[in-house]
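Let me begin by presenting the structure, written as structure tokens, before commenting on it.
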Amino acid sequence: MTMRILYIWKEIIMSNLSVNHLLGIKYLSLKDIEQIFETTDHFKEVINRKIKKVPSLRDLTIANLFFENSTRTKISFELAQKRLSADVVNLSSSASSVSKGETLIDTVNNILSMKVDMIVLRHPSPGASVFLSKNVNSCIINAGDGTHEHPTQALLDAYSLNQKIGSLKNKNILIVGDILHSRVAMSNIYAYQMLGANVKVCGPKSLIPKYIESFDVSIETNLTKALKWCDGVNMLRIQNERMSESYFPTVREYVQQFGLNKKILDSIEKEIIIMHPGPINRGVEITSEVADSEQAIILDQVENGVAIRMAIMYLLASKI
Ligand code: CP
């Protein structure tokens with residue numbers, strides 16, 4: 001195990017993670033999440049300093065391979081890597097030789113032969129990161145794989161919520177929207193439950209997978225009732241890019257039943273925390289008035305994402 005000194009502290013933080021990759025929340029233990037959150041606290045302090053950089057990963061080269069569009073995750077990983085002083089290379093699907101017929105394994109092995117130490121992968125195929133971890137010799141971080149998982153998003157969501165309402169044990173967390181096509185929903189469910197929260201989903205029946213109840217997740221199709229139950233809500237986007245058919249009659253009807261607006265929030269007569277992983281479709285799953293309100297922590301989530309990703313890469317780097 002490599003000993004990495006975090007120059008921000010007197011002590012050396014040793015990684016006790018039970019995993020060598022971050023492939024999904026379902027592969028983590030509660031202890032792993034707790035260590036990631038503790039390390040994130042330290043990095044959050046770093047990124048709020050005037051000099052936002054530490055030399056912790058100056059001996060590492062990390063490749064960000066994004067085979068699907070991204071704004072937040074891609075920029076967040078790259079900023080996290082730069083703030084840890086790692087060398088960074090980026091590849092997007094349109095610019096890669098995968099578009100000429102090269103396999104993912106060949107592409108990654110070619111990149112690794114240039115002495116790259118860690119791969120961050122976003123890919124449209126569920127399981128792409130697990131597949132890669134079994135077929136190449138490198139540390140793999142899943143930055144979102146199809147409808148499977150988006151572990152760094154779930155960690156930053158849970159961390160942000162924890163900062164606002166304290167321990168998630170016995171708290172009620174609601175996830176609203178397109179659960180069927182959402183990797184964020186699956187990773188959120190695993191993370192919140194591991195941290196002791198109760199999870200409910202709300203959306204059109206056609207966008208709630210039948211297997212969800214086997215995860216001990218309850219279902220509610222009335223948004224007002226669901227909001228009255230919860231301490232925090234994560235509003236999800238309709239993921240049209242993963243839909244091959246129509247799942248509800250019109251967007252207007254979807255908005256009427258499942259869109260979050262100020263009138264519904266006022267009617268529940270309690271303060272709840274509002275989250276959204278982004279990108280937001282303003283006026284569809286959430287109105288601008290709610291997205292920009294005091295109750296919404298959407299930009300806190302984005303800020304915390306950098307510190308969460310610094311913590312994950314720091315802890316995994318100790319295991320290389
Ligand atoms: N939340 C999220 O994954 O956003 P991006 O697709 O912009 O990375």
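The values are calculated or read from the model by the stated rules, or taken from the named source; none is laboratory data. Given the structure is predicted, the values throughout are model-derived calculations rather than measurements. Because the Cβ atoms are built from the backbone with ideal geometry, glycine has one as well, and the counts that use them run over all protein chains shown. Just the protein is used for accessible areas: all its heavy atoms, side chains included, with ligands, DNA and RNA removed. Shrake-Rupley method; radii C 1.70, N 1.55, O 1.52, S 1.80 Å.
Between residue 109 and residue 89, the simple label model (points 7 Å from Cα in the Cβ direction) yields a spacing of 1.6 nm.
Between residue 59 and residue 71, full extension at 0.36 nm per residue minus the direct alpha carbon distance yields a gain of 1.7 nm.
Membrane-span-like helices in the chain (whole DSSP H runs, Cα extent of at least 20 Å along the helix axis, mean Kyte-Doolittle hydropathy of at least -0.5): 30-47, 151-165, 298-317.
Cross-linked pairs 134/319; 82/164; 44/134; 200/263; 26/262: Cα-Cα separations exceed 24 Å for 82/164; 44/134; 26/262.
Looking at the chain, the accessible area is 44 square angstrom per residue; that uses a 1.4 Å probe and ignores ligands, DNA and RNA.
Ranked by the mean number of other Cβ atoms within 10 Å of their residues, highest first, the peptides 89-100, 202-213, 168-179 come out as 168-179, 202-213, 89-100. Sequence-distant contacts, meaning Cα pairs under 8 Å at least 6 residues apart, place the relative contact order of the chain at 21 percent.
Fully extended, how many nm does the chain gain between residue 262 and residue 319 (0.36 nm per residue separation, minus their Cα-Cα distance)?
Numbers: separation 57, 0.36 × 57 = 20.52 nm, distance 4.72 nm.
Answer, rounded to one decimal: 15.8 nm.
Net charge dipole, the range 265-320: roughly 560 debye, given to the nearest 20, about the Cα centre with Cβ charges of +1 for Lys and Arg and -1 for Asp and Glu. Protection proxy ranking of 62-73, 102-113, by the mean of other Cβ atoms within 10 Å over each peptide's residues and highest first, is 62-73, 102-113.
With one equal scatterer per alpha carbon and no solvent term, the Debye-computed log10 I(q)/I(0) for the range 151-297 at 0.17, 0.20 1/Å reads -0.91, -1.32. In percent, how large is the relative contact order of the range 31-143, given Cα pairs closer than 8 Å and 6 or more residues apart? That works out to 27 percent. With 10 Å bins beginning at zero, the pair-distance distribution over Cα atoms of the chain amounts to 6, 27, 34, 23, 10, 1 %.
With viscosity set to 1.002 mPa s at 20 °C, what whole-number translational diffusion coefficient in µm²/s follows for the range 201-266 from Stokes-Einstein and a Kirkwood radius over Cα pairs?
Roughly 163 µm²/s, to the nearest whole number.
Taking the centroid of alpha carbons for each part, the range 35-52 and the range 71-93 are 17 Å apart. Once the C-beta distance of residue 164 and residue 292 is scaled by a Förster radius of 22 Å, the resulting FRET efficiency is 0.85 to the nearest 0.05.
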